[in-house]
Amino acid sequence: MTHLLHLDASGRSNSFSRRLGSAFVADWRATHPDGVYTYRDLVADPVRPIDEDRVHLATQSSVNGVRDIATMDKVAAGIPELARSWAATRPLVEQLLAADVLLLGVPMYNFTVPAALKAWIDRVTLPWLPLNGKSAVVLSARGGAYGLGTPREQFDFQEPYLRAYFSALGLDDVEFVHAELTHATVMPFLTQFRSTGIGAATARAYGREGARVTITYRNNPDRAEKVAADVRASGGQAYAVRVDLEDLPTIDRAVATVVERWGGIDVLVANAVRWGGDGPPDPSLRFEDVPLQEWDAMISANLIGTAATVRAVLPSMRAKGWGRIVLISSSVAEEGLPGPGPYGTAKSGLHGLARSLAWNGGRDGILVNVVAPGFTLTDSRPDIPASVTDALAAATPTHRLSNSDDVANLIVFLGSGANGNLTGEVIRDGSAAARAPHIGG
């Protein structure tokens with residue numbers, strides 16, 4: 001009859017490691033209907049940390065050549081302080097020795113195991129404790145990524161410690177299951193500037209993932225607050241902060257506010273859209289007739305302001321050894337469009353920025369990519385005749401135009417732990433894939 005001893009060391013009642021443990025136990029019970037299951041919550045029912053009497057108990061077990069519980073009973077019986085310490089230790093040793101399989105639910109706290117588990121290890125471990133022939137399963141939950149090749153690999157003191165501990169006691173059959181990037185659902189997230197269209201859809205998409213989202217705006221705080229309310233209704237946390245990409249000090253202030261409020265920034269979505277005037281320029285306008293002031297404004301906002309924002313968030317990401325940056329470009333950068341020369345020029349600059357930053361930030365765990373949407377159906381786009389949208393859709397591989405949620409879902413993937421090593425790339429969504437013809441072109 002197989003005996004499973006299950007120990008939970010998480011400080012949260014509904015943590016990832018506890019949920020993994022529940023799933024494991026359900027499968028184990030289905031496989032071993034006659035098995036014996038023993039459970040201890042090391043946080044709700046903590047083990048008393050070792051003290052001088054417990055250290056003396058271990059010393060006396062070595063001096064007297066103790067090899068089993070019965071002999072330990074005799075050694076401890078004659079000394080009151082040893083008897084008290086052994087009384088607190090003996091039930092734990094009995095539980096451990098009775099088990100065939102040891103299941104540990106172990107979140108990573110400060111790069112290693114929780115104090116609740118360490119107290120159990122220190123209490124139960126004696127020089128004569130034999131674990132030969134047993135097996136162990138460690139279910140670990142980690143807020144970041146600590147696997148081979150990641151920037152934080154060197155900070156994993158959890159698995160090496162437990163492997164060394166079990167090996168020293170003769171237990172080499174140990175299986176580790178790591179749930180990593182568990183903080184991805186609550187990571188501080190900054191979506192830049194647009195409180196309509198793709199920016200708003202991206203904020204809401206991150207809200208559905210339980211993220212903490214900062215929405216930035218330039219002139220419309222009410223609209224930004226509405227998006228923030230949508231994020232909160234979707235399950236995330238959110239607030240709005242004003243930023244003007246053409247006023248660089250506002251960028252630094254906004255980033256400092258986010259870092260102070262949420263302890264850092266893990267993801268930046270740079271979604272600046274500055275056409276100049278009230279929208280895209282007249283396509284009949286000749287290149288030489290575009291005022292230089294418009295060139296300066298569009299490049300300052302769409303390129304320089306974005307670069308300044310990236311520059312401001314990088315120290316926080318480097319300190320954590322993890323970050324994702326998604327720059328929102330446009331198919332206009334590659335395909336051109338009659339009229340908006342400055343806009344396409346500025347957006348194409350993001351492609352070079354991403355390639356440079358991919359090399360500069362990669363060793364610090366920072367991945368940067370560009371999303372280049374084509375003609376996208378958004379709630380901020382004016383009504384366009386169906387004949388026009390149908391013609392544009394017919395020129396795409398899927399025969400449909402992307403909507404803001406399609407683009408948002410792509411952004412969320414690139415700006416999450418699911419993107420493990422994709423960096424320095426320009427990703428075109430479906431509407432851009434066929435080099436669709438231009439309106440007015």
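The values are calculated or read from the model by the stated rules, or taken from the named source; none is laboratory data. Please read all numbers here as calculations on a predicted model, not as lab measurements. Note that each Cβ is placed from the backbone with ideal geometry, even for glycine, and that neighbours are counted across all protein chains shown.
Quick check: anything in the stretch 290-312 under 13 Å from Thr214 (Cβ atoms) and modelled with pLDDT under 90?
Initially, the stretch 290-312 is screened for residues under 13 Å from Thr214 (Cβ atoms), giving 309, 312.
Within this subset, residues satisfying the condition of being modelled with pLDDT under 90 are none.
There is no residue in the stretch 290-312 that is under 13 Å from Thr214 (Cβ atoms) and modelled with pLDDT under 90.
Residues in the stretch 344-371 that are closer than 14 Å to Thr306 by Cβ and modelled with pLDDT of 85 or more: how many? Break it down stepwise before answering.
Going residue by residue through the stretch 344-371, those that are closer than 14 Å to Thr306 by Cβ are 345-354, 356-357, 368-371.
The next check asks that each one be modelled with pLDDT of 85 or more; those that pass are 349-354, 356-357, 368-371.
Of the residues in that region, 12 qualify.
Here's the yes/no breakdown for (1) at pLDDT 90 or above; (2) at positive phi; (3) in contact with a strand residue (DSSP E or B) (Cβ under 7 Å, 6 or more places away or on another chain); (4) assigned to a helix (DSSP H, G or I):
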| residue | (1), (2), (3), (4) |
| --- | --- |
| Pro91 | yes, no, no, yes |
| Pro127 | no, no, no, no |
| Pro130 | no, no, no, no |
| Val138 | yes, no, yes, no |
| Pro151 | no, no, no, no |
| His183 | no, no, no, yes |
| Ala201 | no, no, no, yes |
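For the structure I just gave you, tell me whether Asp27 is loosely packed, with under 13 Cβ neighbours inside 10 Å and not in a helix (DSSP H, G or I).
Against the criterion (loosely packed, with under 13 Cβ neighbours inside 10 Å and not in a helix (DSSP H, G or I)), Asp27 does not qualify.
Checking the condition over 18 Å from Leu171 (Cβ atoms), acidic (Asp, Glu), within 41 Å of the chain's Cα centre (by Cα) and modelled with pLDDT under 95, which residue from Asp73, Asp45 passes?
Among Asp73, Asp45, only Asp45 is over 18 Å from Leu171 (Cβ atoms), acidic (Asp, Glu), within 41 Å of the chain's Cα centre (by Cα) and modelled with pLDDT under 95.
Pairs, please: C-beta under 8 Å, at least 6 apart or cross-chain, first residue touching a residue at least 12 places away in the same chain (Cβ under 8 Å) and in the stretch 361-376, second among the aromatic types (Phe, Trp, Tyr)?
Between residues of the stretch 361-376 that are touching a residue at least 12 places away in the same chain (Cβ under 8 Å) and residues that are among the aromatic types (Phe, Trp, Tyr), the close pairs are Gly365/Trp322; Ile366/Trp322.
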